[in-house]
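The values are calculated or read from the model by the stated rules, or taken from the named source; none is laboratory data. Please read these numbers as outputs of a predicted model, since none were measured by experiment. Quick reminder, even Gly has a Cβ in these numbers, built from the backbone with ideal geometry, and neighbours come from all protein chains shown. The protein model used for the area step is the full one, side chains on, heavy atoms only, and it has no ligands, DNA or RNA in it. Shrake-Rupley method; radii C 1.70, N 1.55, O 1.52, S 1.80 Å.
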Amino acid sequence: MNKLLTILLPIFLFLSCKKDKQSELQFYSENQTSFFSLRNGDWTKNSWIRKPENLKMVHESFKKIGYSKLENLILKYENEFLIQDIYIKRNFEDLIDSLELTHDMPEIQGEYYAEFWNRRRAENNDSIVYEIIQEINSMKSDKNQLNYENHFVNDTLVDLLKIELNKDNLDLKKAESDFYTLVKYGLNQSGYNLLYERSEYSKFELDREELKKKLTKATEFKEPWLIDNEK
């Protein structure tokens with residue numbers, strides 16, 4: 001009997017602790033932005049980003065941020081690159097050059113480029129894709145930031161990118177400002193992650209418990225824009 005208790009007691013204690021911990025979980029509401037799938041979706045199956053107006057919006061928003069600040073999102077190697085878990089076995093710069101050159105004559109560079117532009121034409125987005133490629137290529141010779149068309153810019157996307165990309169001058173004041181920006185857009189689960197689950201903010205003496213009171217609670221978890229980067 002004592003031996004049986006020795007085996008069962010830790011199990012009951014574990015289950016009890018697990019239940020208590022589960023009961024303490026709290027979720028927070030998270031608005032789903034129109035561009036949310038850029039963060040959590042599969043780009044190869046993403047129909048939203050294939051629409052010309054959405055491509056234009058993202059491109060102009062990226063121009064406002066500055067494409068140079070986005071370079072770290074692409075892992076470049078000599079003859080391959082990786083972006084958002086998509087692996088392409090080609091040199092990035094050479095690919096962009098060739099795509100521009102083959103827009104009107106895709107057959108001159110072979111099947112890959114012919115298929116690429118045929119897909120774009122079938123999706124009715126070849127014109128905006130070509131415009132984007134031309135402008136990205138222009139930055140090779142002109143290092144100045146591209147002028148953006150403000151009426152196409154999505155300010156929410158720009159503000160969220162600034163939170164993640166402008167970390168060089170991150171201090172307590174900016175950390176609090178970033179938190180309130182997330183709350184303004186209804187990204188409460190993201191706000192919680194900033195307070196408790198983001199390594200770059202952990203060193204600041206934020207009044208976390210007081211700030212947490214400003215978050216709107218929810219009954220279920222939704223994927224946040226600002227993901228947990230401590231696990």
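Some points to look at:
- Within region 110-130, the set of residues being of a type in the set (D, E, K, R) and in contact (Cβ under 8 Å) with a residue 12 or more places away in the chain comprises E123, D126.
- Test: residue in region 181-193 that is open to solvent by 50 Å² or more (accessible area, probe 1.4 Å) and over 14 Å from Y28 (Cβ atoms): yes
- Hits in region 90-133 (condition: of a type in the set (S, T, Y) and either under 17 Å from I49 (Cα atoms) or crowded, with 16+ Cβ neighbours inside 10 Å (or both)): S98, T102, Y113, S127, Y130
- Among (1) surrounded by fewer than 18 Cβ atoms within 10 Å (Cβ to Cβ); (2) modelled with pLDDT of 95 or more - the single one S199 does not satisfy: (2)
- Residue ID - most open to solvent (accessible area, probe 1.4 Å), chosen from residues in region 79-89 that are under 23 Å from the mean Cα position of the chain (by Cα) and not acidic (D, E): K89
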